[in-house]
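S.K.: Below is one structure. I have some questions about it.
Values quoted throughout were computed directly from the atomic coordinates according to the rules given, and no laboratory measurement underlies them. Values in this document were obtained by computation on a predicted structure and should not be read as measured data.
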Amino acid sequence: MKLVSSLSKHLARRQMAKRFNACIDLHHAALFKHALWLVGNRQDAEDMVQETYYQAWRSFPTLKEEGSMLAWLLTILRCSAAREYRGRARNKDLRAALTAGLDERASGIAPQDMLDVFHALDSLNPAQRDTLLLFALHGFSYLEISAQLEVPVGTVMSRIARARTALRKQLNVDDGNVIPFER
């Protein structure tokens, strides 16, 4: 009896590990990109992503819908960032981190422009920055962001509008094409 029970538990953990790894493989790039925009340096971003995976693994059995895995991981990442990096200065020397692997011909974004956008994002309050990153970087809808951040949809819309206005001022752009993120 004990052997059957032990074997059953082992197989269940193994199946869960396979599902978890598949989800991680699917969302790693988006999670790392978000972490990099939050903390501004590759090493801290890698550490945040690893911490996110650790926390996610511990809570994975409680995840009800694997289809919402990216939103769930981003929530864990944001909470981790708030805890870990509260009060710490963000790394301002980002040229190498943000432009690594950036092909200006393919993306149409010059490295200096990317750096300017980062500094402009850094000037936003954290609530506006988080909301705008979820919208512009990951393509979440207002409703999805509202659910993730647990704020009303109107608040999400307001934060995005205010963030865009602040970025336009900061970057001296008036054509509305401010955020060079992929959607």
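S.K.: Compute the length gained on full extension between residue 11 and residue 158: take 0.36 nm times their separation in residues and subtract their Cα-Cα distance, giving the result in nm to one decimal.
M.R.: 48.1 nm is the gain from fully extending residue 11 to residue 158.
S.K.: Given the Cα-Cα distance of residue 25 and residue 64 and 0.36 nm per residue of separation, how much length would full extension add, in nm?
M.R.: Gain on stretching residue 25 to residue 64: 12.1 nm.
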